[in-house]
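Comments concern the structure below.
The values are calculated or read from the model by the stated rules, or taken from the named source; none is laboratory data. Values in this document were obtained by computation on a predicted structure and should not be read as measured data. FYI the Cβ positions are ideal-geometry reconstructions off the backbone, even for glycines, and counts take in every protein chain you see. Just the protein is used for accessible areas: all its heavy atoms, side chains included, with ligands, DNA and RNA removed. Shrake-Rupley method; radii C 1.70, N 1.55, O 1.52, S 1.80 Å.
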Amino acid sequence: LKDQFDNLDKHTQWGIDFLEKYAKFVKERIEIEQNYAKQLRNLVKKYCPKRSPKDEEPRFTSCIAFFNILNELNDYAGQREVVAEEMGHRVYGELMRYSHDLKTERKMHLQEGRKAQQYLDMCWKQMDNSKKKFERECREAEKAQQSYERLDNDTNATKADVEKAKQQLNLRTHMADENKNEYAAQLQNFNGEQHKHYYIVIPQIYKQLQEMDERRTIKLSECYKGFADSERKVIPIISKCLEGMILAAKSVDEHRDSQLVIDCFKSGFEPPGDFPFEDYSQNIYRTISDGTISTPKQEGMRIDTKTTVGKAKGKLWLFGKKPKPQSPPLTPTSLYTSSTPNGSQYPIFSIEPVHYCMSDIKTGKPRIPSFRSLKRGYFCLQGPALEDFSHLPPEQRRKKLQQRIDELNRELQKETDQKDALIKMKDVYEKNPQMGDPSSLQPKLTETMSNMDRLRMEIHKNEAWLSEVEGKVAARSDRRHSSDINHLVTQGRESPEGSYTDDANQEVRGPPQQHAHPSEFDDEFEDDEPLPAIGHCKAIYPFDGHNEGTLAMKEGEILYIIEEDKGDGWTRARRHNGEEGYVPTSYIDVTLEKNSKGA
């Protein structure tokens, strides 16, 4: 049994060592999870956008999807930390506490077993000593009996010797009897303790060790389950993170990204215009026309284009600067009919119209406004940013100004709410002086009012800049639809005012006679002809059109479309009576004609 006790001692020690070994495994797994989560967070932090509040980089759907994936990955890293924390608290910590308790319990049971064994050994020693003493006394008694018998049979022995030997025999016999009784008592006691030891004490200790080892096994099983549960608990959240990544991938819209690029880099500059035709065949036509009848009277009826161009230079258009004057179209007087010998007729140019065109080419500036605009935009990009964003292209400048106006309006609303709150608080203090001094709020109220005035001035200033930009954009869009020289010549005889006549001699380019001395503002409008309709639209919602340049409309009203939306949310339309203006694109249902020029 002692050997089995030692075996149980070794087995319980092995069980505790295995428990601690598994606890070490869990600890290393926790460190792996923590390092994994830390590396994931560092990865997310490395690739997350570092933008200041004023940074307005275009938010492409691909970038937004990547940022959403980073956020989901950050949440995933958080779940790995939750796994590590759950394992540390529920598995590793529990294992370490239980290992400590298990060692203490095992030590107590082994001590009890050793004490029981020591007590049994002590009882055995006592019994053995009494046995040896009894054996010794018995041998002494036998010797005393032999001596007495020898002296009693010896005739030469005296009576005193015989009596002395008898007394010694009686003494040894008495001591042997006493030792016998003591040995019997010790033997009975040892047998009882031994029975108790092997049938009660040791089985009870072994049972306690067995229960301890079984609890250790159960604890390991619970820790195995807790180890798996720590991972399983976060699976739903991890699945949501993965679903979020999939949704982010599905949210990528290539068309929207392309539109963002267009909106971001849309400058508002108009494309370069057509280069004017430079007629190097002037001498040839002059030679041909020497023998023909010309109409020199038309020369006096022409308008000096140099004077007109110089006068219009630098004037303001209704929606910004007026487009640069194009080279005037050839008037029908520049054509006349010449007969050939076979009777056929063909049109040729006279000398005067050629001079007219060449003088216009020499005096008029080439229509390449975009080169200047691009150059201006380039140098503005190199220089510092201006308060009115004049260093930006028109469309980008309009967006920046609109954003600043929105921000100022929000700040103004905050200041307004703060003023109302201060006024209410001041009224409360006036009605209940014990709550506070009303005069203490006056400095703050004054400061708030000052801030409101400052914000209103800023808003007014930015709105003025915005109106200027919108006027320039509208002017450029008007210029985009002006017709060129060759188109007017080939389409028929049409005057700049839109009048048409069969008599070529009555068509004169210039304002009517009654407007010989118009104002500078009127001068900018008399040369314009109405733009052709490129489609029609139906008003889905009513629009008041209080702002300058807009056109009021009623729900269901039909209008002509003369200019499409250029990306700013406004479409130019015309009523049947000729009234024109801009209407919100989202308020109308647009139908464009297949052949816009002939519509």
message: Taking amide H atoms as placed 1.01 Å from N in the peptide plane, list the residues 5 or more away in sequence, or in a different chain, whose amide H sits under 5 Å from that of Glu593.
response: Gly535, His536
query: Which whole-number value in Å³ per residue fits the convex hull of the alpha carbons of segment 394-474?
result: 67
message: When only alpha-carbon atoms are used, what values of Rg and Dmax, in angstrom, describe segment 84-152?
response: 29.6, 99
task: Calculate the tail of P(r) for segment 535-592: the fraction of all Cα-Cα distances greater than 17 Å, expressed in %.
output: 22
query: Which percent of Cα-Cα pairs in segment 115-185 sits in each 10 Å bin, short to long?
result: 21, 33, 22, 14, 7, 3, 0
- line: The set of residues whose placed amide H lies less than 5 Å from the amide H of Thr550, leaving out same-chain residues fewer than 5 positions away, is Tyr582
query: Given H placed 1.01 Å from N in the peptide plane, which residues other than close sequence neighbours of Asp253 have an amide H under 5 Å from its amide H?
result: Thr61, Ser62
- prompt: Do any of Lys21/Lys115; Lys50/Lys240; Lys10/Lys219 go past 29 Å between their Cα atoms, and which?
  reply: Lys21/Lys115
message: So if each residue of separation counts as 0.36 nm, and I subtract the Cα-Cα distance between Met425 and Tyr587, what length gain in nm does that give?
response: 53.9 nm
- prompt: Taking θ as phi - 60°, what are the ³J(HN,Hα) couplings along segment 136-152 by the Karplus curve (6.51, -1.76, 1.60), each to the nearest whole Hz, with x for Gly and Pro?
  reply: 5, 5, 5, 5, 5, 5, 5, 5, 5, 5, 5, 5, 5, 5, 5, 5, 6
- prompt: When the accessible area of segment 4-260 is computed with all protein chains present and a 1.4 Å probe, what percentage of it is carbon and sulfur?
  reply: 52
Computed E for Glu20/Ser239 - FRET, C-beta separation, R0 45 angstrom, nearest 0.05: 0.80
message: Can you order the peptides 253-265, 554-566 by their average number of other Cβ atoms within 10 Å per residue, highest first?
response: 554-566, 253-265
Cα-Cα separations in segment 4-260 greater than 23 Å, expressed as whole percent: 74
- request: Step through the residues of segment 440-456 one at a time and calculate ³J(HN,Hα) from phi using the Karplus curve (6.51 cos²θ - 1.76 cosθ + 1.60, θ = phi - 60°), rounding each to whole Hz and writing x for Gly and Pro.
  value: 5, 8, 5, x, 5, 5, 5, 4, 5, 4, 4, 4, 5, 5, 4, 5, 4
